[in-house]
Each structure stands twice: as structure tokens, then as C-alpha cells.
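Each remark here refers to the structure printed beneath this line.
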Amino acid sequence: MKLKSMTSVITKSALVLAAAASLNAFAGTPAPAKGVTPVVEEDAGALFDTLGATVEVGYDTRLYYRGLWFADNVTWAGLSLSVPLTEQLSLGFGALYVSTVDTLVNDEGADTLDYSELDLSTSLTYDAGFAKFGLVYTHYEFFDGFGGTTANGPFGAGEGNVSSADEVGITVSTTAGPLNIYTGFYYDFRIGGSYAEVGFDLPIEITSWLSIVPAVKGGYGFDYYTSGVVPGVQSSGFTHVIPSISAPIKLTKIATLTPYIAYNLSLDARHELNTTDSEIFGGVKLSVSF
């Protein structure tokens with residue numbers, strides 16, 4: 001009896017195993033072993049995982065560029081694209097359009113400023129691991145000009161009615177623990193002047209979708225859009241310091257809304273040029289990456 005029972009158990013077990021094997025073969029997918037994660041093949045045939053593109057729109061109560069005031073109540077839209085050439089080298093393209101909604105040149109409102117600008121850039125970025133090095137070329141097109149004069153006196157950069165400019169720059173960015181560090185040196189062919197800047201920011205994660213980012217940036221101009229406005233103004237010197245705080249809010253996996261507040265502190269090369277020596281301003285931008 002014991003032998004017959006043993007034989008019966010073995011026979012039934014063999015039949016169960018055979019049935020399971022038959023079902024797996026019919027399904028075409030073998031059952032995964034315990035503790036082993038099935039390997040899912042990635043979709044083939046795509047040149048890039050993502051496009052490496054970012055679209056941004058924004059609003060600023062005042063536009064300060066490298067410490068120099070340009071306009072008030074500015075709206076803008078930008079597009080950037082990064083194309084990987086190798087694992088370390090990438091090619092970048094960018095376009096930015098800026099336009100003022102309403103800018104008063106003086107407190108009486110006698111003069112208003114129409115201002116619009118288009119910036120086109122191309123760049124090469126090399127990721128060396130410890131730092132990223134960039135070479136960038138930018139063309140600035142000022143449709144309404146800037147640096148001209150009004151009936152009540154000069155305003156803007158003071159280099160005449162500049163309609164366009166071209167510059168080449170070298171950039172370096174790196175990290176020191178949680179701190180991001182970035183520097184740049186730029187040469188403007190329009191005026192033969194140069195500009196250097198350095199900045200820091202420290203992202204602080206509050207939640208999985210909200211961060212607070214304190215930052216500070218400053219610059220130094222070498223004969224850089226400073227001469228010819230007020231007699232005696234120095235043509236080279238420290239331009240400004242701008243501390244700021246932004247709060248990136250991750251709305252979706254690809255969309256981020258970032259409000260910010262900043263304080264522009266004019267230094268030696270900007271004291272006599274800006275309509276307001278130092279002031280608080282702010283804005284907001286929406287970024288979508290895909």
C-alpha cells in the first residue's frame with residue numbers, strides 16, 4: 001500500500017509539472033523565478049530618449065540685465081534645445097524674445113519706452129565630470145534700440161541707439177557640496193568691451209514638489225556699456241550685486257512654475273546709469289521640458 005501511494009503521488013506531481021510547462025509554453029512567456037525581476041526591453045528605434053528641449057514664458061516687474069536697467073513690466077518667451085554629440089559634448093541652441101508691457105521713463109509719465117528684444121544663441125558644452133565648460137555665441141537684436149535719449153535726458157546704456165550686438169563667451173559651472181557655482185566671461189564685438197560675472201545658488205528641498213533657492217550674482221565690466229551717459233562716469237568697474245530667492249514648484253513631471261523676488265544693488269559702473277540706484281523687483285516663469 002505504501003509503495004502504491006508513493007507511486008500515485010509521484011505520478012500526480014509529474015502531471016501537474018507537465019501541465020504547468022505546457023501552459024507556459026502556450027503563453028510564450030516563461031514564469032520568472034523567485035527573487036528575479038523580469039527584464040523589460042526598452043523601445044527600439046528612437047534616436048534620443050528625450051528631445052532635450054525647454055520652453056519658458058515669464059513676467060518681470062523690472063528687467064535688469066547684468067545690472068543695467070532696460071524696461072519695466074516685461075513679458076518674455078524662450079526656447080532652448082540641447083543635442084548630445086558624444087557622452088560628454090553637447091550642442092545647444094537658444095532663442096529668447098522680450099517685450100515691455102508698459103514702461104515709464106520718468107515719474108511724471110511724460111515719456112514712455114517701447115522696448116523689444118530677440119536673442120539668438122548657439123553653444124558647445126563639455127562635461128568634464130568635476131565641472132561643465134561652455135563656449136557660447138549670442139546675437140542680440142534690439143528692435144526699438146536702447147541707450148538713446150529722451151527730452152528729459154539720457155537713459156539706458158548710453159552707447160548711442162544700439163540696434164544689435166554680438167558677443168562670445170566662456171562659461172564654467174560646478175558644484176561644491178549642495179552649492180552650485182557658475183562663472184562667465186563675455187566679449188562684446190559691438191563696443192569692444194568685456195563683462196565677467198560669478199554666481200552661486202543653494203537649492204533647499206522643502207517637499208518632493210517644492211524647493212527654496214537663495215542665490216546671489218554679481219559682475220564686473222571692462223568698458224562695458226557704461227561710458228558716454230554722464231560726464232565722469234567710470235568706464236570699468238563693478239556693475240552690481242543681485243541677491244534673490246526663488247521657489248520652484250514642480251507642477252508635473254515636465255512643468256515647473258518658479259516665482260522669485262530679487263534686489264538689484266547698483267555698484268560703481270551703474271550708479272549713474274540706472275533710473276533707480278537699488279530696488280526690489282520680482283517675477284514668475286513657467287518652464288516645460290520634454
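Regarding the range 268-282, can at least one residue be identified that is aromatic (F, W, Y), touching a residue at least 40 places away in the same chain (Cβ under 8 Å), part of a strand (DSSP E or B) and over 25 Å from T171 (Cα atoms)?
Within the range 268-282, the first condition is being aromatic (F, W, Y), and the residues that meet it are 281.
After this cut, where a residue has to be touching a residue at least 40 places away in the same chain (Cβ under 8 Å) as well, the list is 281.
Among the residues that remain, those that are also part of a strand (DSSP E or B) are: 281.
This time we only want the ones that are over 25 Å from T171 (Cα atoms), so: 281.
Yes: the range 268-282 contains one or more residues that are aromatic (F, W, Y), touching a residue at least 40 places away in the same chain (Cβ under 8 Å), part of a strand (DSSP E or B) and over 25 Å from T171 (Cα atoms).
What number of residues within the range 274-283 are of a type in the set (A, V, I, L, M, F, W, C) and loosely packed, with under 15 Cβ neighbours inside 10 Å?
Filtering the range 274-283 down to residues of a type in the set (A, V, I, L, M, F, W, C) leaves 280-281.
If we keep only those that are loosely packed, with under 15 Cβ neighbours inside 10 Å as well, we get 280.
Number satisfying all stated conditions: 1.
Pick from A247, A255: which is over 17 Å from V57 (Cβ atoms), open to solvent by less than 30 Å² (accessible area, probe 1.4 Å) and within 17 Å of the chain's Cα centre (by Cα)?
On the way: A255 fails: over 17 Å from V57 (Cβ atoms).
Step by step, each of A247, A255 is checked, and only A247 is over 17 Å from V57 (Cβ atoms), open to solvent by less than 30 Å² (accessible area, probe 1.4 Å) and within 17 Å of the chain's Cα centre (by Cα).
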task: Specify the residue that is least open to solvent (accessible area, probe 1.4 Å); the eligible residues are those in the range 204-227 that are farther than 21 Å from L273 by Cβ, of a type outside the set (S, T, Y) and in contact (Cβ under 8 Å) with a residue 40 or more places away in the chain.
output: L210
- request: Six or more apart or on different chains, Cβ under 6 Å: which pairs go from a residue in the range 174-197 that's under 17 Å from H139 (Cβ atoms) and open to solvent by 40 Å² or more (accessible area, probe 1.4 Å) to one that's among the charged types (D, E, K, R) and outside any strand (DSSP E or B)? Could you list them?
  value: I191/E159
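The values are calculated or read from the model by the stated rules, or taken from the named source; none is laboratory data. Since the model is a prediction, treat every value here as computed from it, not as a measurement. Don't worry about glycine lacking a Cβ; one is built from the backbone with ideal geometry, like all the others, and counts go over all protein chains shown. Ligands, DNA and RNA are excluded from the accessible area calculation, which covers all protein heavy atoms including side chains. Shrake-Rupley method; radii C 1.70, N 1.55, O 1.52, S 1.80 Å.
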